[in-house]
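Shown next, in structure tokens, is the structure this report addresses.
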Amino acid sequence: MIYRGVLVTGTDTGAGKTVIACGLAALFRRQGMTVGALKPVETGFEKWEGSDAGRLAEAAGISATDLNGDCHRLRMIVPWTFQAPLAPAEAAA
């Protein structure tokens, strides 16, 4: 089996990385592909619902009810979360 990946990157918070990644995930799913999701770091994170990682997971076909509050599976999608809405390096300090 061949696995392919797409990396979406940007230079700033609010640049639109999640919007683009969600669009690509939805497009690939419509084309019949199995899609995984990873958002390595999310700042300004308070809860799963409405978060960037939550939207990305939904676009990839992973619903919050599928995760059922499973912290291990949530951390596979977004391993690092910070409550402070700052650039990741600042939020981690």
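Numbers for the structure displayed
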| item | result |
| --- | --- |
| Every residue from the stretch 1-54 that is modelled with pLDDT under 90, among the aromatic types (Phe, Trp, Tyr) and out of contact with any helix residue (DSSP H, G or I) (no Cβ under 9 Å at 6 or more places or on another chain) | Tyr3 |
| Matching residues, the stretch 1-19, being touching a residue at least 12 places away in the same chain (Cβ under 8 Å) and more than 18 Å from Thr43 (Cα to Cα) | Val6 |
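The values are calculated or read from the model by the stated rules, or taken from the named source; none is laboratory data. Owing to the predicted nature of the structure, the values given are computational and were not obtained by experimental measurement. Every residue, glycine among them, receives a Cβ derived from its backbone with ideal geometry; neighbour counts consider all protein chains shown.
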